[in-house]
Every structure is written in structure tokens, then in C-alpha cells.
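Coordinate-derived values only; no laboratory data. Computed from a predicted model, the values in this text were never measured in an experiment. Neighbour counts run over all protein chains shown; Cβ positions are idealised from the backbone, glycine included.
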Amino acid sequence: MFNVKGEHYALINRCPHEGAALSFGPVVGCFSSKRPGEYALTREGEMLRCPWHGWEFDIKTGQSWCHPESVKARTYAVEIVPGEVLAKGPFVAETVLVTIDGDYVVVEV
Ligand code: FES
């Protein structure tokens with residue numbers, strides 16, 4: 001799961017190259033250049049680099065940076081909802097009877 005500037009995305013935790021866990025890779029950006037010696041960091045925080053061989057994937061689409069037309073990490077739809085929507089209450093904790101008997105605390109289970 002990724003939060004890219006307030007938008008949430010999910011990628012499969014398996015690199016399409018040789019199966020590394022993508023969750024161990026760093027979140028990075030892209031460098032672009034209009035001429036030699038000049039470069040700019042763009043799309044900071046929008047790319048994920050595989051920890052094994054460095055393939056990079058667009059977090060929003062799963063597409064490979066090097067082969068966007070043929071290699072893609074699977075993406076999943078993400079929906080943010082309050083927890084009570086997923087599991088409705090009221091929730092009741094289990095309780096047990098506790099009494100004091102002289103110097104002892106008696107817990108009945
Ligand atoms: S396993 Fe991810 S780039 Fe090789």
C-alpha cells in the first residue's frame with residue numbers, strides 16, 4: 001500500500017521479473033534531462049524500485065519504467081473506509097468474576 005501525495009495505491013508484493021518482495025524496495029522518483037549535465041528530479045515518491053535488480057515501477061499504474069508496454073506489476077483498487085463500516089459494533093469484551101478473599105485475588109475462569 002502506498003500513499004502518494006494523499007492518493008492511495010496498492011501493488012502486488014511480487015516483482016514480475018524474478019519475484020522479489022517489492023515492499024523491501026525504496027520509493028523513488030524519476031530523473032529527467034533536457035541536455036547532458038542537467039537533470040531534474042520529477043515524480044518524487046511515485047516510483048518503486050525492486051530491491052533485487054533495480055527494475056522500477058510506477059506506483060499508480062504498476063507499469064515498468066523500462067518496458068511499460070510489456071511489463072507490469074499487478075495493481076489493486078484501494079478504498080478507504082472507516083473501520084466501523086468493515087466490522088460493526090457494539091463490541092463487548094469478555095469479562096470474568098474477580099473477588100478478594102483475604103490476602104488472595106480470586107479470578108474465576
Ligand atoms: S526480481 Fe525485481 S528486478 Fe529482478
Order by protection proxy (mean Cβ within 10 Å, highest first), peptides 38-51, 64-77
38-51, 64-77
Suppose the chain between residue 31 and residue 94 were pulled fully straight at 0.36 nm per residue; how much longer would it get relative to their current alpha carbon spacing?
17.1 nm
Label zone at residue 24, where the point sits 7 Å out along the Cα-to-Cβ direction: segment 41-65 residues whose backbone N lies under 13 Å:
50-54
Quick one: dipole size for segment 1-83, taken about the Cα centre, charges +1 on Lys/Arg Cβ and -1 on Asp/Glu Cβ, in debye to the nearest 20.
80
Stokes-Einstein translational diffusion, the chain - Kirkwood Rh over all Cα pairs, 1.567 mPa s, 4 °C, in µm²/s
73
Find the lysine pairs in the chain meeting two conditions, Cα atoms under 29 Å apart and a separation of 8 or more places or different chains, and report how many there are.
6
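Tell me which trypsin sites (Lys or Arg not before Pro) from segment 1-39 have a DSSP coil assignment and no more than 15 other beta carbons within 10 Å of their own. Mind showing how you got there, number by number?
Numbers: sites: 5, 14, 34; in loops: 5, 14.
Taking segment 1-39 and a limit of 15 other Cβ atoms within 10 Å, the loop trypsin sites (Lys or Arg not before Pro) found are 5, 14.
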Quote to one decimal, in nm, the extra length available between residue 17 and residue 77 on full extension: 0.36 nm per residue of separation minus the C-alpha distance between them.
19.4 nm
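Defining a contact as two alpha carbons under 8 Å apart and six or more residues distant in sequence, what relative contact order in percent does segment 46-107 show? Can you show the working numbers first?
Numbers: 50 pairs, mean separation 9.3, N = 62.
For segment 46-107, the relative contact order is 15 percent.
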Relative contact order (%) - criterion: Cα under 8 Å, at least six apart; region: the chain
20
